[in-house]
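Only the coordinates and a few stated rules stand behind these numbers; no lab work does. Remember, predicted model here, so these are calculated numbers, not experimental data. Using ideal geometry, Cβ is built from the backbone for each residue, glycine included, and neighbour counts are taken over all protein chains shown.
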Amino acid sequence: MKMEGTVKCSANYVPLSPISFLERSAMVYSDRLSIIDGNIKFTWRETRDRCLRIASALTHLGISRGHVVAALAPNIPAMYELHFGVPMAGAVLCALNTRHDSAMVSVLLRHSDAKIIFVDYQLLDIAKSALEILSKTSAKLPHLILISDRESQLSNNNNNNNNRSLAPENLEYESFLATGEPNFEIVWPSDEWDAIALNYTSGTTSRPKGVIYSHRGAYLNSLAAVILAEMTSMPVYLWTLPMFHCNGWCLTWAVAAQGGTNICLRSVTEEGIFDSIVQHQVTNMAGAPTVLNMIINAPRSVQRPLPRTVNVMTGGAPPPPQVLLKMKELGFNVTHGYGLTETYGPATVCAWKPEWNSLSPYEQAKIQARQGVNHLGLEEIDVKDPESMKSVPSDANTMGEVMIRGNTVMNGYLKDLKATEDSFRGGWFRSGDLAVKHPDGYIELKDRSKDIVISGGENISTIEVESVIFSHPAVLEAAVVGRPDDHWGETPCAFVKLKDGCNASANEIIKHCRDRLPHYMAPRTVIFDDLPKTSTGKTQKFVLRQRVKALGSLQKASKL
């Protein structure tokens, strides 16, 4: 109901957009460093100027409202700038997974109808091969703009080395940027629900789907990320999380909102993490549990005392309590969030309660590994029966599907209305994840609906089994999938990677589990191997299931 005397106008209504974060920081923090990448440094005033030039140069190439601009690059300044420059032109940024091969890049370029692709020099061969594949079915290919090795250019004063394999119709990033005007008039969204980004799911279970983000959702999730990450004014943020992954969980825009300094890390290594933290006095970082695992297992020669506590936001698979405990001992304060590409990254937080301070460190870590409650930017999260849509009882035992609704849920899947409608069936976004709800309302993830192992009619949480395997001192990584069984239907099969210099037998791992779990939950099979992962650190369980299936087929064939 509209109340008498109210008027909706430009004085009291402006479409929300994270572009405004850059505008504010360029004024408030103009001379503060915005980006550091080795010897390359920019201030917030310079970053705004460069982003405006990018937007202007894009319009010169015919980019306009709603066009898709792709980027294939690691965590470098150009990738950060594109998060503002592309939407400033009214376009939609599609940041591609840097670990995709040429075939997949070509598929995503075709599906997204990208008009331009910005490519880092280290990934140029992949991009060129992708365009070659695309040329066989498409008459018009996206323009390629090469992001050169500026660090090398600065040290060698040679601007031509990285352009030798660049076709004449394509451009180099800095040259392209120079064609733009710094007084470009920003193309603000006419509707805050307009698309700002297109992100493809990681493909852990199926072919990636194009997830559409709005300016409104990105704005709200960025502010929620500031709170989630306990990010104070002028933070120093270390980029160990890929910027292409959910736009860095919206932290690309969140750091700008707080006038922080982005420390770029082209490749994530233990040495790079510790050196950056000490050199730049890092306050915040984020990453999947694999990054935490990398930190706690770093050689003693690499580990360095932290100058201050570093707040770390982690997501993906729930980190085992042992990992959280060791991170705390090293001086890292870990906040665990849960979410999906469809929710702009983390959607929940395990909000800490003072009464938990009296618990033992291990019990605290167990609670900390829960997914918790919705963050302030999200309306509601619940665990429901997917058929009746009734909430499961808060008994920490009854499993249901995690369902989410709010302003930080995607607009939908690009060119796939059926998948969009299926995911929103019943007025909630259906995550496909299984969880329980504790008496205090906090949710705890148990599995993906496709990953749950059903043995003899009993549901087995692979996450729970993995956590127990991980507690073995010799285990570095673990993943559990179902293995077909003629009698039980399926039984748990564990894939285990051991720490360097450590040994453990399959029987030892199985006994370790049986001593701590009901016997039906313990793995019947243990395979020692590397775990296939997406670039965001998620284990590709569908690959492991294929390995198990192939193993079963070989065994059956040998019996014939």
Residue-averaged [θ]222 nm for the chain, counting only DSSP H segments that reach four residues, each worth -39500 (n - 2.57)
-9500 deg cm²/dmol
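With respect to the cross-link table entries Lys115/Lys209; Lys390/Lys446; Lys450/Lys549; Lys366/Lys446; Lys353/Lys450; Lys415/Lys549, which display a Cα-Cα separation exceeding 21 Å? All intermediate terms of the calculation are to be shown ahead of the outcome.
Details: Lys115/Lys209 19 Å; Lys390/Lys446 19 Å; Lys450/Lys549 15 Å; Lys366/Lys446 13 Å; Lys353/Lys450 33 Å; Lys415/Lys549 33 Å.
Exceeds cut-off: Lys353/Lys450; Lys415/Lys549.
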Place the peptides 506-513, 270-277 in order of packing, highest mean first, counting for every residue the other Cβ atoms within 10 Å and averaging per peptide.
270-277, 506-513
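Please report, in debye to the nearest 20, how large the charge dipole of the chain is about its Cα centre when each Lys and Arg carries +1 at its beta carbon and each Asp and Glu carries -1 there. It would help to have the intermediate numbers written out before the result.
Values: 56 positive and 57 negative charges, 147 e Å.
Dipole size: approximately 700 debye.
Step by step: find N for the chain, compute 2.2 N^0.38 Å, then divide the Cα radius of gyration by it. What's the final number?
Values: Rg = 24.1 Å, N = 560, 2.2 N^0.38 = 24.4 Å.
The chain yields a ratio of 0.99.
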What is the order of Lys497, Lys8, fewest Cβ neighbours within 10 Å to most?
Lys8, Lys497
Which whole number in µm²/s is D for the stretch 22-153 by Stokes-Einstein, with the Kirkwood Rh taken over Cα pairs at 4 °C and 1.567 mPa s?
84
Beta bridges by DSSP in the chain, antiparallel share as percent, to the nearest 5:
55
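If you build the convex hull over the alpha carbons only and average its shadow over all orientations, what do you get for the stretch 326-395? Give it in nm² to one decimal. Let's see the in-between values first.
On the way: hull surface 26.3 nm².
Approximately 6.6 nm², given one-decimal rounding.
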Give me the number: length gained by fully extending Glu132 to Lys499, i.e. 0.36 nm times residue separation minus the C-alpha to C-alpha distance, one decimal in nm.
128.0 nm
Taking θ as phi - 60°, what are the ³J(HN,Hα) couplings along the stretch 377-388 by the Karplus curve (6.51, -1.76, 1.60), each to the nearest whole Hz, with x for Gly and Pro?
x, 10, 6, 6, 9, 8, 10, 10, 6, x, 8, 7
What are the residues whose amide H is under 5 Å from the amide H of Ala396, where those residues sit 5 or more places off or on another chain and H is modelled from the backbone?
Lys437, His438
In order over the stretch 499-507: 3J(HN,Hα) from phi, Karplus 6.51/-1.76/1.60, θ = phi - 60°, whole Hz, x for each Gly or Pro, gives 5, 4, x, 9, 10, 6, 8, 4, 4
In order over the stretch 219-229: 3J(HN,Hα) from phi, Karplus 6.51/-1.76/1.60, θ = phi - 60°, whole Hz, x for each Gly or Pro, gives 4, 5, 6, 5, 5, 5, 5, 4, 6, 4, 7
Whole percent per 10 Å bin, from 0 to the bin with the longest distance: what is P(r) over all C-alpha pairs of the stretch 1-86?
14, 37, 28, 12, 7, 1
Checked against a 29 Å limit on the C-alpha separation, the offending pairs among Lys128/Lys499; Lys328/Lys533; Lys328/Lys437; Lys326/Lys511; Lys328/Lys497 are Lys128/Lys499
Which cross-chain or sequence-distant (5 or more) residues have an amide H under 5 Å from the amide H of Gly412, H modelled 1.01 Å from N in plane?
Ile212
Counting only residues 5 or more apart in sequence or on a different chain, those whose built amide H sits under 5 Å from that of Ala286 are Thr240, Leu241, Met313
Using Cα pairs under 8 angstrom and six or more residues apart, how large is the relative contact order of the chain, in percent?
11
Of Met521, Trp44, Ser190, which is farthest along the charge dipole of the chain in the positive direction, counting Lys and Arg as +1 and Asp and Glu as -1 at C-beta?
Met521
